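Visitor: Got a structure for you, written out below as structure tokens; questions coming shortly.
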């Protein structure tokens with residue numbers, strides 16, 4: 001009964017989405033206030049219907065209703081409760097339903113929090129979101145229904161892929177999806193602006209908080225995914241340039257560019273066409289990321305098994321969404337004339353440079369990811385690996401990082417480079433000292449460059465607040481008073497930029513990682529980088545749905561005991577699959593990372609890593625996401641009617 | 001810029017998207033006909049002669065180049081590294097092949113010579129000759145997918161078989177042994 005209710009709620013959502021796609025857009029076109037006013041209600045209705053539908057799916061999973069095909073295929077009665085719930089999005093049908101749910105939540109959010117938008121704009125934004133929703137919901141209902149029944153029901157389900165039975169991955173998809181789909185809102189704003197034929201500072205101000213929220217979530221989602229790959233796959237790395245990882249990186253790069261170019265629209269009414277294109281491009285990349293990966297074309301560890309028929313359906317949907325918006329763009333964009341002009345050396349100029357570099361990195365990664373596909377079209381089979389990405393991405397990062405800190409201290413409109421650089425002399429000096437010390441210590445140029453860049457980014461990020469507070473130039477109490485008066489966005493951006501520096505430091509630290517693969521008999525010790533790993537015992541253990549082989553490893557450093565770790569190999573009985581469960585001891589500055597491989601002649605094959613600064617990679621991403629969230633708390637993004645906002649923009653423009 | 005050029009420029013994103021979409025369409029159609037398998041590892045070098053290379057040896061042994069491989073073929077060419085867990089796991093199988101009398105030559109891939117030497121001491125040395133490809137350039141010519149990876153070179157110096165991943169008893173039984181009968 002419950003699955004049928006869920007199925008019905010899904011069908012209801014399709015109907016509401018269809019109404020949401022048609023009525024508000026028609027109303028905005030005809031200037032009919034009643035139709036336009038229907039938009040928020042429809043968006044909320046669709047959201048509630050899908051929430052109910054998803055709740056039914058979770059319910060079916062929790063009570064082990066194996067008469068539902070999807071549950072029988074992906075769950076089992078012995079699976080822990082947490083994974084029964086999170087398993088609902090660990091498969092194709094469920095993940096697409098979650099995708100639709102989050103899209104509906106985006107529409108609902110615009111309905112709820114968009115009260116101050118002019119009603120034609122709001123109606124158009126919600127209408128565009130409705131169009132996208134209607135397409136994907138129709139796909140869910142007709143080609144990928146998670147509520148299909150199975151009769152007779154099996155006694156037990158097939159269980160879930162054991163790699164997914166992990167708390168890190170359990171929450172990775174919702175966060176990542178929220179990031180991906182969050183970019184549907186800037187996309188809808190861009191399409192609405194094209195329909196209206198108008199982009200101004202107010203538009204930039206409305207788009208920015210949504211972009212910022214989506215960007216923060218996507219940053220967090222990517223970090224969670226990379227963290228999972230680090231500790232669950234047991235390969236010792238944190239980023240493998242796998243097509244699925246790249247698929248999440250591409251919208252992040254485009255979204256970061258969008259975030260910055262929207263500032264220029266808001267403050268200076270320039271870069272309008274470019275920003276619209278970025279908004280369309282970011283969401284298009286998100287769509288391609290989620291769906292082409294799922295269509296089974298790409299070879300990846302993450303791909304769910306999907307029939308090519310579904311792939312064709314998805315491709316047609318993507319063609320409709322992306323194609324129609326790009327055609328609309330080609331016809332309506334020429335009307336957008338920039339009003340603000342600026343010199344090449346100015347805050348806008350560096351933001352343009354930032355956009356050019358970010359989009360170059362995006363293009364390079366896109367090329368590397370899709371090149372094997374295109375060569376396959378011409379009958380050739382090849383793969384593009386990490387060496388390509390490292391050779392192409394790293395050189396582009398150098399000017400990007402260099403410009404990042406400089407851009408933040410440049411004034412708008414027109415600037416002189418020299419005074420700005422003089423404000424950064426201490427950051428440059430510190431970065432050079434750090435790079436020199438590291439180079440002297442480890443004799444590794446890339447590592448030294450990485451640490452130098454990290455110092456430059458972190459200190460450069462502080463340069464703007466320091467300049468604004470006139471720290472070290474006025475008495476400290478004055479500076480403190482100025483600090484209280486600064487808008488949240490200043491702190492947010494400084495923290496987010498510093499967060500990137502922390503991540504870069506982590507990546508630079510990982511170039512110094514030490515590893516050892518050894519066969520150790522119980523009672524014997526392996527040595528790595530001053531640490532002694534003693535294998536105390538090898539024994540069997542069992543979990544709720546697996547049996548395990550566990551190694552007890554005592555780690556000492558110069559005779560001082562640090563920890564006893566238990567890396568294991570888990571054998572999941574139903575799926576007949578073995579996973580390595582790494583054990584990691586971290587003190588915040590280095591990880592001791594241990595993996596139990598196979599066994600040979602009574603010896604355990606161990607993979608031991610000492611990873612300096614590894615946790616900083618994800619901690620930095622968290623800092624970036626928090627910086628974004630802090631900017632969201634800025635009063636300027638929340639208050640004021642549109643007309644008032646526009647006046648405010650002028651005031652701030654003058655003040656800065 | 002004339003209005004026409006401007007319009008053409010603004011249509012460019014659509015053009016790119018359309019090309020990308022058509023490529024996907026072609027692949028999906030082939031996937032449906034079973035003519036395309038995204039999970040197959042490409043074997044561009046199988047059936048071709050050993051690529052040209054010359055590598056230094058792992059001390060104290062001497063290195064080798066293409067000519068020497070041709071002189072001693074047929075043989076197995078195995079790429080490995082000390083940092084790779086499956087390489088340690090396939091060591092048992094390689095030792096077994098060595099006992100069968102099959103010449104195995106090793107190439108150390110992206111690894112320090114010291115680490116590779118220690119690895120061989122730990123896990124046993126199944127190789128008659130070991131060369132070092134520390135920058136990994138020769139591996140690119142071979143189209144290496146990752147380590148461990150094994151190639152069978154026949155008497156004429158043609159690469160006849162490539163296995164990406166660790167060798168196991170079943171791989172040797174089902175794939176390598178039949179090929180050895182043909183090519184040695």
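Visitor: With angles folded into 0 to 90 degrees, how steeply does helix B:3-33 sit against the dominant principal axis of chain B? Use alpha carbons for both and round to 10.
Guide: For B:3-33 against chain B, the angle is about 50 degrees.
Visitor: Suppose R0 equals 30 Å. What FRET efficiency, 1/(1 + (r/R0)^6) with r the Cβ-Cβ distance, do residue B:12 and residue A:26 give to the nearest 0.05?
Guide: FRET efficiency, residue B:12 to residue A:26: 0.45.
Visitor: Here's something else I'd like to know. Normalised by the residues of chain A, what does the relative contact order come to in percent, with Cα pairs under 8 Å and at least six apart?
Guide: Computed over chain A, the figure is 12 percent.
Visitor: Can you sort A:359, A:288 by how many other beta carbons sit within 10 Å, fewest first?
Guide: Ordered by Cβ neighbours within 10 Å, fewest first: A:359, A:288.
Visitor: Then there is this: Taking springs between alpha-carbon atoms closer than 10 angstrom, which of B:169, B:13, B:60 fluctuates most in the Gaussian network model of chain B?
Guide: Most flexible of the set in this elastic network: B:13.
Visitor: While we're here: Can you put A:275, A:140 in order, fewest other beta carbons within 10 Å first?
Guide: A:140, A:275
Visitor: Roughly speaking, what is the centre-to-centre gap between the range B:143-184 and the range B:58-78 when only Cα atoms are used, to the nearest Å?
Guide: Each part's Cα centre sits 16 Å from the other's.
Visitor: Next question, about the same structure. If each of residue A:150 and residue A:426 carries a label point 7 Å out from its Cα toward its Cβ, how far apart are those two points in nm?
Guide: 6.5 nm
Visitor: Please give the calculated 222 nm ellipticity per residue for chain B, where each DSSP H segment of at least 4 residues contributes -39500 (n - 2.57) and the sum is spread over every residue; nearest 500 deg cm²/dmol?
Guide: -13000 deg cm²/dmol
Visitor: Compute the Cα gyration tensor for chain A, then decide on rounded, prolate or oblate, letting a ≥ b ≥ c be the square roots of its eigenvalues: rounded whenever a/c is under 1.5, prolate when a/b is larger than b/c in the other cases, and oblate in all that remain.
Guide: Oblate is the answer for chain A, as a/c is 1.5 or above yet b/c matches or exceeds a/b.
Visitor: Helix B:113-123 against the longest principal axis of chain B: what's the angle in degrees, Cα atoms only, rounded to the nearest 10?
Guide: Here the helix axis deviates by roughly 60 degrees.
Visitor: Counting only other chains, and only Cβ atoms inside 10 Å, what mean value do you get across the residues of B:11-19?
Guide: Neighbouring Cβ atoms belonging to other protein chains average 6 per residue here.
Visitor: At residue A:316 and residue B:71, where each label point lies 7 Å from the Cα along Cα→Cβ, what is the point-to-point distance in nanometres?
Guide: In this crude spin-label approximation the distance works out to 6.5 nm.
Visitor: In nm, to one decimal, how far is the modelled label at residue A:474 from the one at residue A:599, with both set 7 Å along Cα→Cβ?
Guide: Simple spin-label model gives 7.0 nm for this pair.
Visitor: Here's a follow-up. How big is the range A:525-615 in terms of Cα radius of gyration and Dmax, in angstroms?
Guide: Both quantities, over Cα of the range A:525-615: 13.8, 44 Å.
Visitor: Something else about it: Using only DSSP helix segments of four residues or longer, with each worth -39500 (n - 2.57), what per-residue ellipticity at 222 nm results for chain A after dividing by its residue count and rounding to 500?
Guide: -22000 deg cm²/dmol
Visitor: Order by neighbour count: A:391, A:138, fewest other Cβ atoms within 10 Å first, most last.
Guide: In increasing order of surrounding Cβ atoms, one gets A:391, A:138.
Since every read-out is calculated from the coordinates, none of them should be taken as a lab result. These numbers come from a predicted model, not from an experiment. A quick note on method: Cβ atoms are made from the backbone with ideal geometry, for glycine too, and the neighbour counts reach across all protein chains shown.
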